[in-house]
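The structure appears right after this line, and notes come after that.
The values are calculated or read from the model by the stated rules, or taken from the named source; none is laboratory data. Note that the structure is a prediction, hence the values are computed from the model and not measured. All Cβ positions, even for glycine, are placed from backbone atoms using ideal geometry, and neighbour counts span all protein chains on display.
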Amino acid sequence: MKNNIFKDRPYKDLIYKILFKTALIILLAIFIVILFADIGRGNLANNIVSFIKEKYNLDWYSASNFYWIYVRRYIDLALIIAVIILIILFFRFLLSWFTKYFDEIIEGVNKLSNYNNEKIKLSKELRFMEDKLNEVKEKLERSAKLEREEEKRKNDLMVYLAHDIKTPLTSVIGYLSLLEENPNLKEEEKIRYTHITLEKAYALEKLVNEFFEVARYNLQSVPLNKEKINICYIMVQIIDELYPRLANKNQKVENEVCEDLFLNVDPEKIARVFNNILKNAINYGMANSKIKISSYVENNLAYIKFKNLGTIPEDKIQYIFDKFYRADESRQSETGGSGLGLAIAKDIVTLHLGEIKVSVDDYYTTFTVILPI
């Protein structure tokens, strides 16, 4: 086991290279020390004695004594000093070689903020770090791109909403002005104008609420107030609340959620999830059709399914839970909304440690909410 300590490590190549170079430098230092010591005691000593003999006009014996007294006794100290200097130089070289990897890593980290298609390149020994940095870079680029797209959709939506608000507001002002300027209007005309004004005011209220929903969207720090609730009972309430929408398209809901299905959730927020999904099924489902809601429990997870007649284009499924995205991009349609309904539903389910999925076949769209028991 110890022999394979580095075998499965992603940085094993770097470790092996460090060990190899360190061992090589140590062996080189030892070799040079032995070489110097051997030379100092052999031919080099004879050469030094010969130099002293000729320099000071001495005989060989006197020159040898001079060598032993003034040179040989300090040669070991000189060798030690030389070895220390050599080791320091070698160690400095090793550090210089090793720190270049840190320089490469720092340079690679600095490139993370460069949102371009250029890959980060590092030494072969740092391939594991190169792969990780490129993975992080790709995630950051995707995240930045998604944020830019969401911001653009949000800005476009705000512009559309601001434009849409003008239409009912103009109608409200127009009809109220008409009522004020013509106090002698017939009673039936007054009633008709008042009714139209009220409808336009309701439409204006809906748009204003939608506008504020877009502006204040943020579920990142919302606390959950959990309690044990009956899912079937809360589904009945939601279906009753949405009856007018269902009646407008002559749609019906088959509620087959288990009557004994209880979950520990935030009632208000989980009701919003089901409400948003059911609204989506009504808006994008076929008229004169049925929406089936069912449930089952498996592996300590509750599955709640919403199935409606009508499909979502394949190229739009991947964006269906994105903020400010609308499968129907026409603001004039009945389905016109902020594009936040399913994004909010997903965030709430995620806060409950659950999951939400969508699947489409030839005729039906099915949303599945998965929550822990």
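Summary table below
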{"quantity": "Considering residues of the stretch 241-296 that are basic (K, R) and part of a helix (DSSP H, G or I) only, the residue farthest from G354 (Cα to Cα)", "calculated": "R245"}
{"quantity": "Close pairs from the stretch 274-294: first under 17 Å from Y243 (Cβ atoms) and assigned by TED's automatic domain parsing to the domain that holds V253, partner in a loop (DSSP other than H, G, I, E, B) and among the hydroxyl-bearing types (S, T, Y), Cβ under 6 Å, at least 6 apart", "calculated": "N283/T335"}
{"quantity": "Residue in the stretch 65-84 that is among the polar types (S, T, N, Q), without any contact (Cβ under 8 Å) to a residue 12 or more places away in the chain, in a helix (DSSP H, G or I) and farther than 25 Å from I15 by Cα present", "calculated": "yes"}
{"quantity": "Every residue from the stretch 256-270 that is under 14 Å from F306 (Cβ atoms) and surrounded by fewer than 19 Cβ atoms within 10 Å (Cβ to Cβ)", "calculated": "E256"}
{"quantity": "Residues of the stretch 4-27 classified as part of a helix (DSSP H, G or I), modelled with pLDDT under 75 and aliphatic (A, V, I, L, M), total", "calculated": "5"}
